[in-house]
Each structure stands twice: as C-alpha cells, then as structure tokens.
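The values are calculated or read from the model by the stated rules, or taken from the named source; none is laboratory data. Since this is a predicted model, take the numbers as computed values, not measurements. Here the Cβ positions follow ideal geometry from the backbone for every residue, glycine too, while neighbour counts run over all protein chains shown. Ligands, DNA and RNA are stripped out before the accessible areas are found, and what is left, the full protein with its side chains, is counted by its heavy atoms. Shrake-Rupley method; radii C 1.70, N 1.55, O 1.52, S 1.80 Å.
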Amino acid sequence: MSEIDIIKETYEKIKNMEIRGAGRIGRAAAKALKEYALKISNLSEEEFKNKMKEAGDLLISARPTAVSLPNAVKYVLKGLNEENPKEKIIERADEFINSSLKAIENIGKFGANRIKDGDTILTHCNSEAAISVIKTAYDEGKDIKVFCTETRPRNQGYITAKTLYDYGIDVTLIVDSAVRYFIKDIDIVVVGADAITANGCLVNKIGTSQIALIANESRVPFLTAAETYKFHPKTIVGELIEIEERDPEEVTTFEEKYKGIKIRNPAFDVTPAKYIDAIITEIGLIPPQGAWYIIEKYFGWLEK
Ligand SMILES: O=C(COP(=O)(O)O)[C@H](O)[C@H](O)COP(=O)(O)O
C-alpha cells in the first residue's frame, strides 16, 4: 500500500457514501490528511507541501455540496503556511476533529432549549447535529416524540429512526410525501445542514425545502443545526453551491422497454432564509440573517 492510498481510500468512502453526513466527511478528510502527513517522509518541504495540497484537492473532489469537506481540508492545510508544517498539519487535524465533536455537543445543549416537554419533533435525513439536539432534550428528561422521514432515495431516515429508537425515544417513520399530512402533529422541525450561504439559505438533503415550506404554512418553527464550519465562505463573494446529482439507479431501474424514461436524482436542495426560524450553531442560535457575520468573522482567513 503506497502512502497516497490513505487518501484514495477515504476519497472512495466519501464518494460512495460509506462515510456520509457533512460533519463525518469533514472529520474523515482531516483524519486522512493527518495520517498521510505522518506517512510521507524523505521529502523536501516544497515536495511535502505539494503532496499535501494534491491530497487535499482529491479529498475535496469526492462530493461537491457539503462545505464541511473543503472547510476541513483548508483548516488543516493552513498548517502548511506555518513553521514545522508536518507537525502543524497533525495538530490542526486533531484540532478540527475535536472542535467538530465539541460543536455537536454544544449544538445539542443550545438546541434542546428550544424543545419543550411534550413536543413532537420532525427531522429529515440523518444529521448528527440534529440528533444531538433531540438526544439532549431527551436526556434533560423531556417527554418527546420524533417523526423521521424515510429520505428517499437512500433512506438515511432509517438510520435516524433506529438511532433514536435505540436511545429509548418514541419514534415514528413516515414516507417523505406524508409530511403535510402529519404536520398538525408536529411542534418543531429540526434538520441538519450541508451548507449555509451568506444570505442565510440552507443547503440540505433533498426534500428539506418542501418540509420548510409546509412548516411555514402551518406556523411550525423550522430550525437547522449547523456547526460554523457548515457556513460557506465563498458564497460571500457570490459563488453558488453545486448541488450534487447522483446516479439515477439510486432512484429506480426500469426494464429495457422503459429506458427512455429520464430519472433525475439531485441529492440536496436550497431552503430560503425566510423559512428558517433559527440556525443552531455551537456559538449559539443565530437568525439566518446573521450568516454573513459568521462567515466574515470565522472564515475571513480563507480568502486572504
Ligand atoms: O443531508 C445530510 C446528509 O446527506 P448525505 O447522506 O447525502 O451525506 C445531512 O442532513 C447533513 O449532511 C448534516 O449532517 P450532519 O449534521 O451529520 O453533519
């Protein structure tokens, strides 16, 4: 096994979604960069830097939408501009991983304050940050129920349902198209985030924006749980986020006769800021209008 295989293996796992979810892919990339930096030796500083940058580029190319991936890579590789770059890379990778885990814990605490005793929560897809909010509310002794959508086509909602059920929580699984039918039973919606834009929009699993629209119509609060590394720095300079379109076979396969039927499979959608009540971050709850400030404050360095 050559050194670069460490990076290629993580790249493949992210690409084929063996490792998935925005936070997890960010941490997996940071870990791969650390292991790669530890393995490569006998190189000039210049060669080391080039190899690390190439590795970072490959990891970033694995999936296009979740900004946690490039943000993690850029955070770690910033160590290349410092003295003792190898040590710095290792230090910064650990820093990113630990602060990501801490952020999820803090999001849980802040978000749980918005959950009341007796609430029924709706969530979509499988988000560590949203699950942290739900579990923390449960740990605080609140009597809660959770509705999970299936999240077609890959059914990540099953993972969420099983995780919460194993935790002892009252869980109901529904098909994605049943959200409007059940919204009268829901007190609050909490979902995760793949990216937050400078104008406060949320990019998350396909179907999120429909849920937000339904929640808005029914005056049910809609919150997203997003670590600050989910904020997309380049949207501040007008860059648009690429929505990943995945293999049609994830949706279905038709017999030969019907091969002419086109299948589209976007994995994410964009929820406008006006449907979002709050973004739960590790530094507190912010209104979507505060996204610009977070990007400016936390990611100014990325563009310099
Ligand atoms: O949309 C998804 C996962 O999509 P996929 O399954 O396609 O990766 C999750 O809601 C976010 O990534 C947030 O997750 P987390 O809070 O765990 O970062």
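Annotations for the structure displayed:
- Residues Asp170, Asp139, ordered by accessible area of protein heavy atoms at a 1.4 angstrom probe radius and largest first, appear as Asp139, Asp170.
- Mean sequence separation of contacting Cα pairs (under 8 Å, at least six apart), scaled by the length of the stretch 147-212, corresponds to a relative contact order of 27 percent.
- Rounded to 0.05, the FRET efficiency of the Ile283 and Tyr158 pair, given R0 = 41 Å and the Cβ-Cβ distance, is 0.80.
- Diagonalising the gyration tensor over the Cα atoms of the stretch 106-303 and scaling each eigenvalue by 5 before taking the square root yields semi-axes of 26, 24, 14 Å, largest first.
- Where Tyr275, Tyr181, Tyr298 fall by accessible area, highest first, once all protein chains stay in place (1.4 Å): Tyr181, Tyr298, Tyr275
- Fluctuation leader among Ile188, Ile211, Ile263 - the chain, Gaussian network, Cα springs under 10 angstrom: Ile263
- The stretch 211-276 - percent of accessible surface contributed by carbon and sulfur, probe 1.4 Å: 52
- Where the stretch 4-104 is the region considered: accessible area per residue in Å², 1.4 Å probe: 46
- Annotation for Asn113 and Asp5: the two label points, set 7 Å from Cα along the Cα-Cβ direction, are 5.0 nm apart.
- The mean sequence separation of alpha-carbon pairs under 8 Å and at least six residues apart, normalised by the residue count of the chain, gives a relative contact order of 17 percent.
- Put Ser68, Ser177 in order of accessible area, highest first, and with a 1.4 Å probe you get Ser177, Ser68.
- You can think of it this way: the chain between Lys184 and Val237 has 15.1 nm of extra reach, that is 0.36 nm per residue less the Cα-Cα gap.
- Shape index of the stretch 75-133: Rg/Rh, with Rg the Cα radius of gyration and Rh the Kirkwood radius from the inverse mean 1/r over Cα pairs, equals 1.24.
- Computed [θ] at 222 nm, deg cm²/dmol, the chain (DSSP H ≥ 4; -39,500 (n - 2.57); rounded to nearest 500): -14000 deg cm²/dmol
- Our analysis of the stretch 130-219 gives Rg over Rh at 0.95, with the two radii drawn from alpha carbon positions and Rh computed by the Kirkwood formula.
- Subtracting the Cα-Cα distance of Glu45 and Glu91 from 0.36 nm times their residue separation leaves 14.8 nm of extension gain.
- Cα-Cα over 21 Å, subset of Lys15/Lys230; Lys8/Lys31; Lys53/Lys78; Lys8/Lys102; Lys135/Lys184; Lys8/Lys205: Lys8/Lys102; Lys135/Lys184; Lys8/Lys205
- Exposure check, 1.4 Å probe, all protein chains in place: Asp176 carries approximately 50 Å² of accessible surface.
- Loop-located chymotrypsin sites (Phe, Trp or Tyr not before Pro) in the stretch 30-113 (DSSP state not H, G, I, E or B) with no more than 12 neighbouring Cβ atoms inside 10 Å do not occur.
- Antiparallel DSSP beta bridges within the chain, as percent of all bridges there, nearest 5: 35
- In range of the label at Glu217: residues from the stretch 116-157 whose backbone nitrogen is under 20 Å from the point 7 Å along Cα→Cβ: 121-125, 147-152
- Each DSSP beta bridge with both residues in the stretch 111-270 is either parallel or antiparallel, and the antiparallel ones are about 30%.
- For Phe147, distant residues with modelled amide H under 5 Å away: Ile121, Leu122, Thr123, Thr172
- Span per principal axis, largest first, for the Cα atoms of the stretch 1-136 (Å): 61, 31, 22
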